[in-house]
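Structure first, then comments.
The values are calculated or read from the model by the stated rules, or taken from the named source; none is laboratory data. Every value quoted in this text rests on a predicted model; they were computed, and no experiment measured them. Note that each Cβ is placed from the backbone with ideal geometry, even for glycine, and that neighbours are counted across all protein chains shown. Please note that ligands, DNA and RNA were not included when accessible areas were found on the heavy atoms of the full protein model with its side chains. Shrake-Rupley method; radii C 1.70, N 1.55, O 1.52, S 1.80 Å.
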Amino acid sequence: MTHKDVSWVLGRATLGNLAGVMSRVRVYGRDRIPREGGLVVALNHFSWIDIPLFAIANPRNTSFVAKAEAHRIPGLGQFIREFDSFAIRRGESDREAVRRMREVVREGGCLGVFVEGTRQRSGVPGVVQPGAAMVAVKEQVPIVCGAIHGSQTWKLGNFHRATIAWGEPWTVGEMSRDEVSARIKDEIETLWRWLVEMHERGRRPLRATPPRLSARSQSSASPTSASPPSSTG
């Protein structure tokens, strides 16, 4: 077991489980994530608690891309680097970060990218930046999209519920970077709308299957097409 593996075991058992309890998180579609091989997980982002929640929702150790400002905070920077997080400078070309992103998946690792580039204060998914798509296109590795809902209203002590849904893995093939980014946006929004509907119903069953829509077919289907069973969660 490597130093990184040990960090993840301890991190999930401590900070991860604490975040899960404090948000009463529930996860759907975890079994869709490939257990081996290079992979990009493309995620939306509302709150700092998204990071430990997505970490425990994913069975794989994940190298998250974090803003450079977070890495400069004393203590926090050292802590997140223990989990193989690395910095990227927002709003400018960062060749070293791009090199590291491609290296992670090329070596068979799981790369976590909050595709909007920053937290969305509006409480809805935002514009998708091209980084995740670029890596998948250049390295020809699959993508799994993940959406979170509920964390946008979570604050320390209020115990608001957060829920995560994973999409199915897909490969980019001959798609362009812009086409891949558009599909990521569509898929995250579809998963997120499904979660919103679930929360509005006040039901979070123990098991439910997130939408299996491809981006090309979403225009003809609604987020209710994969409605969860009626048992109460």
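Where strands (runs of 3 or more DSSP E) fall wholly inside region 80-157, the ranges with 2 or more residues that are modelled with pLDDT of 90 or more, in contact with a helix residue (DSSP H, G or I) (Cβ under 7 Å, 6 or more places away or on another chain) and not polar (S, T, N, Q) are 110-114, 143-149. Give me the residue from region 158-170 that is part of a loop (DSSP other than H, G, I, E, B) and in contact with a strand residue (DSSP E or B) (Cβ under 9 Å, 6 or more places away or on another chain) and, out of that set, surrounded by the most Cβ atoms within 10 Å (Cβ to Cβ). Filtering region 158-170 for residues that are part of a loop (DSSP other than H, G, I, E, B) and in contact with a strand residue (DSSP E or B) (Cβ under 9 Å, 6 or more places away or on another chain), the one surrounded by the most Cβ atoms within 10 Å (Cβ to Cβ) comes out as Ala162.
Here is a yes/no grid of residues against (1) within 18 Å of Ala55 (Cα to Cα); (2) open to solvent by less than 60 Å² (accessible area, probe 1.4 Å); (3) among the polar types (S, T, N, Q):
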{"residue": "Ala132", "(1), (2), (3)": "yes, yes, no"}
{"residue": "Cys145", "(1), (2), (3)": "yes, yes, no"}
{"residue": "Gly150", "(1), (2), (3)": "yes, yes, no"}
{"residue": "Leu156", "(1), (2), (3)": "no, no, no"}
{"residue": "Val172", "(1), (2), (3)": "no, yes, no"}
{"residue": "Glu179", "(1), (2), (3)": "no, no, no"}
{"residue": "Glu187", "(1), (2), (3)": "no, yes, no"}
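Just checking, does region 2-16 include any residue being outside any helix (DSSP H, G or I) and either open to solvent by less than 50 Å² (accessible area, probe 1.4 Å) or at negative phi (or both)? Looking for residues that are outside any helix (DSSP H, G or I) and either open to solvent by less than 50 Å² (accessible area, probe 1.4 Å) or at negative phi (or both), one finds at least one in region 2-16, hence yes.
So which pairs qualify, if the first residue must be in region 23-40 and farther than 12 Å from Ala57 by Cα, the second must be at pLDDT 95 or above and exposed (fewer than 14 other Cβ atoms within 10 Å of the Cβ), the Cβ gap must be under 6 Å, and the two must be at least 6 apart or on different chains? Sorted first by the residue in region 23-40, then by its partner, the pairs are Gly37/Gly108; Gly38/Gly108. Of the residues screened, Pro205 is not one that is farther than 20 Å from Arg60 by Cα, at pLDDT below 95 and in contact with a Phe, Trp or Tyr (Cβ under 7 Å, 6 or more places away or on another chain).
Evaluated against (1) over 12 Å from the mean Cα position of the chain (by Cα); (2) in a loop (DSSP other than H, G, I, E, B), Asp31 falls short on exactly one condition, (2).
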